Amino acid sequence: MKALRFENNQLKLADILKPRNESEAVVRVLQSGICNTDLEIARGYAGFSGTIGHEFVGIVEAAADAPQLIGKRVVGEINAGCGKCEQCRQNDARHCPARTVLGIVGRDGAHAEFLTLPARNLLEVPDSVSDEQAVFVEPLAAAFGITEQVEIVSETGVAVIGDGKLGNLCAQSLALKSRHVVLVGKHKEKLALVEARHIETVLLENALKLNRSFDVVVEASGSESGFNLALDLLKPRGKLVLKSTFHGAAKWQAWRVVVDEITIVGSRCGRFQPALDLLKNNSVDVESLISEQLSLREGVKAIKRAKQKGVMKVLLSMER
Ligand SMILES: [Zn+2]
Ligand SMILES: [Zn+2]
């Protein structure tokens, strides 16, 4: 089968054996989505080697321990746990110390014709959710997952910094809970996407007018300046949610966190079922984020496209 792989510091479309893993389900991938994490891996981040990609929708081809899933259209939670530790016993592999993560840690990913995951990671996609929408379940789950960690009610003042894919999905998700969500970004055309959903937006250069105005600020820009702006925007005793895996050494003034008694919350993966429900109910719009759809054979080019300015989500389809 074809797979988009990062190996020996090089990204390439490779021909590899179709996976055969009797203890896991085999999924024929229909579409996959390119995430900023894929771009970071392709730059050599985290030393991952193998097939990249973790956002997908596909059809179950084999599942020895879950035959009812065969032929079903599914999405899959990306963390695969040991099944034995305290975290896994509570049915939450997201923090299993021995976990592998689809296309990110120790496990081949989704930019391929086939992938494997434990059957318990798979969720059936309702017919009313299109393939293109279903690919967004993973990033949408990550965005909506903030509400698992931080209480957000209709009066909570929320600012989201970053008008990229993640910031957009965070703003849309949190606007389902709060009436006061503001998305801060640099790009008028990207901000316009959430304005269409009746979410307030502010250009970065005007953001400081909103100094000390928010109970919760979500940093989703992935830049060091975003971190400092977040501290500017927060009210005393506010909550700073760090959503982007910022890999540089951030320079920030720790005393500000102390003096203003800021709570810092790191936030990574969310639950899939609530995200699937949001898509089923058309509570969020993901289709306007799609910039381009390419075939897996054009995978290397697709990664280059995803890096370009102004490009939001690039999808890969596995035409055969
Ligand atoms: Zn991702
Ligand atoms: Zn475990």
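Brief remarks on what is shown
- Among (1) under 22 Å from Leu123 (Cβ atoms); (2) more than 16 Å from ligand 2 (Cβ to nearest atom), the one test that Gly50 misses: (1)
- Long-range neighbours under 9 Å by Cβ, at least six apart or interchain, first residue in a strand (DSSP E or B) within the stretch 84-108, second near ligand 2 (Cβ under 10 Å from one of its atoms) and open to solvent by less than 40 Å² (accessible area, probe 1.4 Å): Thr100/Asn79; Thr100/Ala80; Thr100/Gly81; Val101/Asn79; Val101/Ala80; Val105/Asn79
- Within the stretch 165-208, the set of residues being open to solvent by less than 40 Å² (accessible area, probe 1.4 Å) and out of contact with any strand residue (DSSP E or B) (no Cβ under 8 Å at 6 or more places or on another chain) comprises Leu169, Gln172, Ser173, Lys190.
- Residue match in the stretch 153-161 (condition: part of a loop (DSSP other than H, G, I, E, B), open to solvent by 20 Å² or more (accessible area, probe 1.4 Å), in contact with a helix residue (DSSP H, G or I) (Cβ under 7 Å, 6 or more places away or on another chain) and modelled with pLDDT of 95 or more): no
- Conditions (1) open to solvent by 10 Å² or more (accessible area, probe 1.4 Å); (2) within 16 Å of ligand 1 (Cβ to nearest atom); (3) touching a Gly at 6+ places or on another chain (Cβ under 7 Å); number of the one not met by Pro139: (3)
- Within the stretch 64-86, considering residues that are of a type outside the set (A, V, I, L, M, F, W, C) and within 16 Å of ligand 1 (Cβ to nearest atom), the one farthest from Ala98 (Cα to Cα): Gly76
- Top-ranked residue in the stretch 93-107 [being open to solvent by 30 Å² or more (accessible area, probe 1.4 Å) and more than 16 Å from ligand 1 (Cβ to nearest atom); ranked as nearest to Leu279 (Cα to Cα)]: His95
- Those helices (runs of 4 or more DSSP H) lying entirely in the stretch 248-320 with at least 2 residues at pLDDT 95 or above and open to solvent by less than 70 Å² (accessible area, probe 1.4 Å): 272-280, 299-307
- Test: Glu219 is within 28 Å of Cys35 (Cα to Cα) and open to solvent by 20 Å² or more (accessible area, probe 1.4 Å): no
- Those residues of the stretch 36-51 which are open to solvent by 60 Å² or more (accessible area, probe 1.4 Å), in contact (Cβ under 8 Å) with a residue 24 or more places away in the chain, more than 10 Å from ligand 1 (Cβ to nearest atom) and not in a loop (DSSP other than H, G, I, E, B), in sequence order: Ala46
- Look at (1) in contact (Cβ under 8 Å) with a residue 12 or more places away in the chain; (2) basic (Lys, Arg); (3) farther than 21 Å from Leu39 by Cα and you find that Lys165 fails only one, number (3).
- Top-ranked residue in the stretch 15-35 [being among the polar types (S, T, N, Q) and not in a strand (DSSP E or B); ranked as nearest to Glu61 (Cα to Cα)]: Asn21
- Selection of first residues in the stretch 300-320 that are in contact (Cβ under 8 Å) with a residue 24 or more places away in the chain and of second residues that are part of a loop (DSSP other than H, G, I, E, B) and open to solvent by 40 Å² or more (accessible area, probe 1.4 Å), restricted to Cβ pairs under 8 Å at least 6 apart or on distinct chains, gives the following pairs, ordered by first then second residue: Gly310/His187.
The values are calculated or read from the model by the stated rules, or taken from the named source; none is laboratory data. Keep in mind it's a predicted model, so treat the numbers as computed, not measured. Because the Cβ atoms are built from the backbone with ideal geometry, glycine has one as well, and the counts that use them run over all protein chains shown. Only protein heavy atoms, including side chains, enter the accessible area calculation; ligands, DNA and RNA are left aside. Shrake-Rupley method; radii C 1.70, N 1.55, O 1.52, S 1.80 Å.
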